[in-house]
Each structure stands twice: as C-alpha cells, then as structure tokens.
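Comments concern the structure below.
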Amino acid sequence: MPVFTPPRRLLFGPGPSQIPERVYQAMSQPIVGHLDPFFFDTVEEIRKDLRAVFGTRNSFVHMLSGTGSSGMEASIANFIEPGQKLAVFVGGYFAERMVEMGKRHGAHVVRFDKPWGETASAPEAAEFIERERPNVVAFVHAETSTGALQDPLSITGPAQAVGAITIADCVTSLGAIAINVDASGIDVAFGATQKGLSCPPGLSPITVSDRGIEVLKARKSPCSVWYLDLKLILDYYEGGHRYHHTAPITSFYALREGLAAVREEGVEARFTRHKQAHAVFVKRLEAIKLEMFIQDPAIRIPSINTVRVQEGVDDVKTRKRLINEFGIEIGGGFGPLAGKIFRIGLMGPFANEENATMVVGALAHCLRE
Ligand SMILES: Cc1ncc(COP(=O)(O)O)c(C=O)c1O
C-alpha cells in the first residue's frame, strides 16, 4: 500500500502556520472518550492556558468545535436577537464576513467603512457609535487580509458608554499578539488554533465577559444556531459536563500541547519574539527596496507582514517559484488587494530573526528574473 506523504512545506503564509513536532506527537496519542475524567482535566488545562493568552480572568472560556469562522458565527448568533442593531467596523475581508453573518442572523447591520488597510481612529469610532447607538459592536483586531491592527480601546470605550456588547475577531492575534481582553474591555473574543498558536485548524477558542454572560442568559429568543448555542454549551460547564456534542479529542490534544509550549516560553516572551521577528523582517525588506503595504508602523500586525507587489511583478508566478524552489508558502492579496500585496506570516516557531532574514532572501531571489 503506498504511504500517504503530503509535501513538506515551510508555512510562511497568513495561516495555517508551522506546527511544532511535539504537537504532531500529541495528536498521535490514543483518544479517550469525551466524557472521560482525563478529558475533563485536559479541557480545564486548556482553558487555564487560554486565559493567559487571551489576557482574561473570565470564567467562560471555551473551545468551539470548528475553525475561526465558527467563533465568528457563535459570537454574532448568540449576541444578536432579531432586529437588533449590529455595528461593524470594516476595513478588510473578514469584517465583511461579519457583516454577512449579521444579516443572516437577522441583525440590522450598520457599518463604518475605511479603505482596506486602514483602521478606525478613536474619534471616528466614538462618533459612529454615539450616532448609531447599536446593541452590539464588532471589529477585527488583526485583519489578515490587509495586515492592519485595530486598537480595541478606541472602540470598546464608546461601545460601553452606550451599553453595547463588543465582539473582537482575534483569529490572527491569538497566541502571537497581546489582546488583553480584560484591560481592553472586550466582551466577546474568539480566535483560532492554526495561526499564533501553531496548531492545526479545527477549534475556535472563545471567551465571554461576565456582562456578556448576563446578556446571553437574558436572551428572549433562542440562538439561531443550535450547535453554537453558548447557553447550551454553558450547561456543559455548569451542569456537570452534560453532553452537548462529541468533542474532537485529537484537536484538543493538539491544542493542549501547543498551549503548553506557549506556557513554557512565557506569554509575554512569545509576544516580544513575534515583534522582534517583525522588526527584522521590515529592516531586511527595506534594505532590498521593497515596501510594507501598511504605511503606519503603529498599526502593522507583527505576525503577518503585508508587502507591496512592485509594478510589473507577477505575484502568482513569484509565489509559485517560492514553492517550487524553496518549498515556501506565502499568501497573496484578494479582493481589492488581489495582485497588489504578498502576505508573509512569521508565526509560532517561525517568528525569529533567522527565518525573517531567510524568507526575505528567498523572496528577493524569486523576484529576480
Ligand atoms: C481575521 C480572521 N477572521 C476569521 C477567519 C476565519 O477563520 P477560519 O478560516 O479558521 O474559519 C480568518 C481566517 O484566516 C481570519 O484571518
């Protein structure tokens, strides 16, 4: 029987990111049942480590069975009741996805638009929220499609002032960048396993503030998605692990191990390492006369570098060469940025000076005819 052998890639794209060997090893361990006391202990270990990565003391921390989009859908479906107003800050592809989900779950969606790659300033956010007075405000912390980082405080302060619940998409930031859920005043934050945490895709960590839980419990209508109903999931924790669905055990093993690696390194040290790798990347890039897409260094996502594609360069051909000659995967742009940017991730084990230097060198090589 032929052995299944996927190619070995170096994952420098916007995600999934490179997976450490110890995570693969954890995934090959025998599974237990999802109602086994060993599994309950594993769940508690994961929740504890996730609190440190999210920067929260929230009692509600959970790992949804599904990719990052399940966290987005759960956040919107659980905190919007039909006809309520959802305000979304839009400056890229993933915020557009939130708008679409809001409409599908019966929200009256209002949007604050910036060109792709820009973020809302504090006065802009305050003016919009005060004018619209929404029930829920949603934004993308790190917009993977553009490389721009939104300051949460610009949005959460005004949202709290009008009594709105805030939802932050932290799919790209979780594990690579400080989110500080509590200090940032975010009510609902969700992420994914396949980027800053360097695990395979498949789970969406989510946390909800006590205020958010009160709002959830006071809902008048049932959540529009049974599978992602956080009230039912809360029952699992408050009701002695009552069965809701069969957890994907192997994905939990992977996440446990990925988080153990984060804990051993130290959360702050990990965030600092990502920032340092980013600084080296930018220096090397500018040394070969290439340009970052995001002009303002203060709003660049450290773990996903977006680089302008120069005039006359074929981005698809360049990315193909990187794969064929070096086994390196990077991302391209899409939507209005199709053909205009490269998206280069420096995440998890790849976020260091050597890799930042190496990937810029490989890119420079592939840009030469
Ligand atoms: C910011 C952001 N939000 C949401 C998602 C959706 O996550 P997933 O593809 O894991 O469903 C992504 C995926 O890249 C993302 O980058």
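The values are calculated or read from the model by the stated rules, or taken from the named source; none is laboratory data. Bear in mind the structure is a predicted one, so any value in this text is a computation, not a measurement. Every residue, glycine as well, gets a Cβ built from its backbone with ideal geometry; the counts of neighbours run over all protein chains shown. Areas reflect the complete protein model, heavy atoms only, side chains present, ligands, DNA and RNA absent. Shrake-Rupley method; radii C 1.70, N 1.55, O 1.52, S 1.80 Å.
See the values below:
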quantity	calculated
Residue check, Ala189 touching a Cys at 6+ places or on another chain (Cβ under 6 Å), within 20 Å of Ala74 (Cα to Cα) and of a type outside the set (Val, Ile, Thr)	yes
The listed residue being in contact with a strand residue (DSSP E or B) (Cβ under 8 Å, 6 or more places away or on another chain), under 19 Å from His244 (Cβ atoms) and aliphatic (A, V, I, L, M), out of Ala87, Ala95, Ala74	Ala74
Options Ser184, Ser154, Ser173, Ser209; residue that is within 16 Å of the ligand (Cβ to nearest atom) and either open to solvent by less than 30 Å² (accessible area, probe 1.4 Å) or at pLDDT below 95 (or both)	Ser173
One residue from Arg104, Arg57 being within 16 Å of the ligand (Cβ to nearest atom) and either among the aliphatic types (A, V, I, L, M) or over 19 Å from the mean Cα position of the chain (by Cα) (or both)	Arg104
Near pairs, Cβ below 6 angstrom, 6+ apart or cross-chain, from the stretch 2-27 (basic (Lys, Arg)) to any residue that is more than 16 Å from the ligand (Cβ to nearest atom)	Arg9/Gly327; Arg22/Glu257
Matching residues, the stretch 152-183, being polar (S, T, N, Q), touching a residue at least 60 places away in the same chain (Cβ under 8 Å) and within 22 Å of Arg97 (Cα to Cα)	Thr172, Ser173
Test: residue in the stretch 268-281 that is over 30 Å from Pro7 (Cα atoms) and among the hydroxyl-bearing types (Ser, Thr, Tyr)	yes
Candidate set: the stretch 141-151, residues that are farther than 16 Å from Arg97 by Cβ and part of a loop (DSSP other than H, G, I, E, B); chosen: the one nearest to the ligand (Cβ to nearest atom)	Gly147
Those residues of the stretch 260-304 which are touching a residue at least 60 places away in the same chain (Cβ under 8 Å), open to solvent by 20 Å² or more (accessible area, probe 1.4 Å) and outside any helix (DSSP H, G or I), in sequence order	Ile288, Phe293, Arg300
Residue check for Ala122: among the hydrophobic types (A, V, I, L, M, F, W, C) and open to solvent by 30 Å² or more (accessible area, probe 1.4 Å)	yes
Scope the stretch 226-244; condition open to solvent by less than 40 Å² (accessible area, probe 1.4 Å) and part of a loop (DSSP other than H, G, I, E, B); matching residues	Leu228, Asp229, Gly239, His244
Any hit, the stretch 75-87, residues being within 13 Å of the ligand (Cβ to nearest atom) and within 21 Å of the chain's Cα centre (by Cα)	yes
Condition check for Gly331: assigned by TED's automatic domain parsing to the domain that holds Asp49, buried (at least 19 other Cβ atoms within 10 Å of the Cβ) and closer than 27 Å to Arg97 by Cβ	no
Residue match in the stretch 117-132 (condition: under 22 Å from the mean Cα position of the chain (by Cα), over 17 Å from Thr156 (Cβ atoms) and not charged (D, E, K, R))	yes
Residue ranges of helices (runs of 4 or more DSSP H) in the stretch 1-80 with at least 1 members under 26 Å from Gly239 (Cα atoms) and open to solvent by 10 Å² or more (accessible area, probe 1.4 Å)	37-54, 68-79
Count of the stretch 189-204 residues which are near the ligand (Cβ under 8 Å from one of its atoms) and either open to solvent by less than 20 Å² (accessible area, probe 1.4 Å) or within 9 Å of the chain's Cα centre (by Cα) (or both)	4
